[in-house]
1. Does segment A:171-186 contain any residue that is surrounded by fewer than 20 Cβ atoms within 10 Å (Cβ to Cβ) and assigned to a helix (DSSP H, G or I)?
2. For A:Asp151, state whether it is away from every other protein chain (no Cβ under 14 Å), of a type outside the set (Gly, Ala, Ser) and open to solvent by 70 Å² or more (accessible area, probe 1.4 Å).
3. Here are the criteria: (1) closer than 19 Å to A:Trp280 by Cβ; (2) touching a Gly at 6+ places or on another chain (Cβ under 7 Å). Tell me which single one A:Arg85 does not satisfy.
4. Applying the selection to segment A:106-120, what residues are small (Gly, Ala, Ser) and open to solvent by 20 Å² or more (accessible area, probe 1.4 Å)?
5. I need the full set of residues from segment B:40-81 which are within 14 Å of chain A (Cβ to nearest Cβ) and of a type in the set (S, T, N, Q), in order please.
6. Going through segment A:111-145 one residue at a time, which ones are free of Cβ contacts under 8 Å to residues at least 12 places away in the same chain and acidic (Asp, Glu)?
7. From A:Trp61, A:Trp67, grab the single residue that is under 14 Å from the mean Cα position of the chain (by Cα) and open to solvent by 10 Å² or more (accessible area, probe 1.4 Å).
8. Looking for whichever is closer than 16 Å to A:His215 by Cα, basic (Lys, Arg), open to solvent by 50 Å² or more (accessible area, probe 1.4 Å) and part of a helix (DSSP H, G or I) here; the options are A:Lys12, A:Lys28. Which one fits?
Amino acid sequence: MLATKPDVTELKAKALDIRRDIITMLAKSQSGHSGGPLSVADFGTALFFHEMELDPKNPKWDGRDFWHFSIGHVTPVIYSLMAERGYFPLKHLMGFRSFEGILQGHPCRKEVPGIEVSSGSLGQGLSVAVGFALGARLDKSSQRAYCVMGDGEQQEGQVWEAAMSAGHFELDNLCAMIDVNRMQIDGPTEKIMRVEPLADKYRAFHWHVIDCDGHDMQAILKAFAEARATKGKPSMILFRTTMGEGVSYMEDDYKWHGMPPKMDQAEVALKELGTSYAEWSARLLAN
Amino acid sequence: MPIELQNKKLEMRKTREGFGHALVELGEKNPNVVVLVGDLVESTMTNFFAEKFPDRFFECGIAEQNMTNIAAGLSVRGKIPFLSTYGAFASCRAADQIRVTLAYSNLNVKIGGAHGGISVGPDGATHQAMEEIAIIRSIPNMTMIVPCDYWETKKATLAAAAMFGPVYIRFGRENVPVVTDEKTPFVLGKGYEMRAGSDVAILACGVMVAEALSAAEMLEGKGIHARVINLHTIKPLDEEIILKAARECGAIVTAEEHQVNGGLGGAVSEVLVRHHPVPVEMVAVMDRFGRSGKPEELMAAFGIKDVNVVAAAEKALKRKQARS
C-alpha cells in the first residue's frame, strides 16, 4: 500500500539499489547466488514497488497480494526487495547466511516475517500459488497470487502439474513469471535440458503468455498490466533476462549462478554500480 | 480380519469411513475447511464432503505433489485443507513437498493417507503403503496419527482440525474390528490402556490394536497377563505411557501393520533405549514388499496376526525372565 506508485525513473533507481544490496550482502557472506538475483532485480523491483498490494509492517494483512519465489536460491534479491520495501531493517542483509542472522540461505517462513512459505526445493512454488489463488477466489477476494520461477526450474515435473491445474481452474488471479536467464548451475539451459519453447508450452496448458524484456522497466510495467487485465486464464510472463545483469564480468556466465564475488571482485562490481563496499555496507548497517 | 473378543464377534467397519464422516462434520462447523483429492474420491470417502460442499472441494487429478502444495497455498489464505489419496502416494510421492513446503513452513495442512498396510490386499505391493510412519515421523513439525477403527479415525480427524500444523492420518482399506466406541476418550499425543496387565505390555497402533486385544485374551489363557496400550499418536509419542509400561511390565511388544524399519517399534525403542531398556519384540512386516492376496491371508503370511503377537509376547517374557 504505497501512497503513490513510483514512476519508471524511480523504479530504475530502486533496482540499482537492489543490485548494490545484492553484491554487498554476497561480499559479506562469501556464500550464495549472484547471477539469478541480478537477473531478477528489475522485474522484482516492479513487482514489489509497483504491482503488488502489500503492507510490509503487517505482512499478514488480509487483503495482501501473495508472492512466492519458487526459486528459493535467489534469496539475495528476495531479502533485498523485502528490506527495501520495509519488511525488516536493511542491516539484516549484512547477516545473510550467518548462524546469528535471521536470513537463511533459502527462505524460511519461521524466521522472516513476510516469507509466507519456505522454499528451496525447485518446482514446488507454482502449486502453492495455485492454492492461494483458489482460496482467494473461494473468498471472492480481489487478492492476486504471484510466483517467480526460473527457466532451469521448468525441468521439474511438478511445474507442469501445477501449470495444468492453473489452466484447468482458469485462475485469472494468478500471475506467474519465469526469469528466463538461459543459464543453470551446470551450464546453458539449452545444453543441459532444453525447456523452450516455453510460450508454446504454457499456451498449450491454457495460459495467457506474455513475452517481455526483463530489463526494460517500461515493458515490465506493461506486462504486469496486461496480466492483470487478462480474464478467464492465468498469465505467464516470460521475462527474457541476462544472468548477472549489471555486473559486466558476471553477465551471461553460468559460473556465477551459485557463486559469490570475492571482496576484490565485489569492489569492481560495486564500482560499476556507482558505489563501494565501504559506502554501501555502511548504508545497510545504518538502516 | 474379523476378531472375536470374549467369544463375541466384533462389529466391522472401515476406518476411512470415519475420515469421510468427520470431514462432513467439520465442513458444517467451519466454512474454512476445504478438501482436496487426487482422483480417488470414493476410495478416500471424500465423496460425502464433495456432495455437501462442492465449492470447497477440489479435485486435483493424478498429481499428488501438486495437490500437496495447492493445499499449502490454501492454508496460507486461511483455509484448513484436508487432502487425501493413497498413503503410498501421499507419503512417498509427495515426501519432498511435505518436508519442504508443509513441515518446514509449519503450514496448517492435514493429510489423509488411505490404504495403509498389507491389508490393502489384492492391489499388491505398490498400493500397500508400509513406510509412512518411518517417513513422516522423521520430519520435524509433523504430527502423525494411526487410528485403530472407525470411531478413532473420526476423532483423529476432528482432533487434526482442532490443532494448528501439518498432520498425517493413516487409515486402511478394509473393514476392521471396532474396538472403541463413540464415547471412548481420544487425546492427541496420549496413548491409553485398553487392557490391564503387568507381565508384558503390547503397544499397538491401527488395525493391530484389535489383534493385540485378541492376543491378550490368548495369553490370558496361558496365565500371562498382558497389558494392551493403544498408541494411536506416533508423533508426538507418549513417552510417559511407554516408560510406565516398561517399568511395570519389564517386557514390551510393539505391533504395527508397517515395515519394521523406522516404524512404531523403532519409535518405542528409541524411547526405551535412552531411558529404560527392557526386552522389546516387534511384530511388523520384516523389510519386505507386500503381494496380492486376501487381507486376512496376507496378514497371516506376513506374520502380523494375533498369534504372532502371542509368540512375540512369550519371547519377550522369556528374555525378561533370563535377565532376572
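The values are calculated or read from the model by the stated rules, or taken from the named source; none is laboratory data. Just so it is clear, the model here is predicted, and its values are computed rather than measured. Neighbour counts are summed over all protein chains in view; Cβ atoms, including those assigned to glycine, are modelled from backbone coordinates with ideal geometry. Just so you know, the surface numbers come from the protein's heavy atoms only, side chains and all, with ligands and any DNA or RNA stripped out. Shrake-Rupley method; radii C 1.70, N 1.55, O 1.52, S 1.80 Å.
1. No, the conditions are met nowhere in segment A:171-186.
2. Judged against the criteria, A:Asp151 is not a match.
3. In the conditions (1) closer than 19 Å to A:Trp280 by Cβ; (2) touching a Gly at 6+ places or on another chain (Cβ under 7 Å), A:Arg85 misses (2) alone.
4. Result: A:Gly120, single match.
5. Once the filter is applied, which keeps residues that are within 14 Å of chain A (Cβ to nearest Cβ) and of a type in the set (S, T, N, Q), segment B:40-81 yields B:Gln65, B:Asn66, B:Thr68, B:Asn69, B:Ser75.
6. Residues satisfying the conditions are A:Glu111, A:Asp139.
7. A:Trp67
8. Details: A:Lys28 fails: closer than 16 Å to A:His215 by Cα.
Only one candidate qualifies: A:Lys12.
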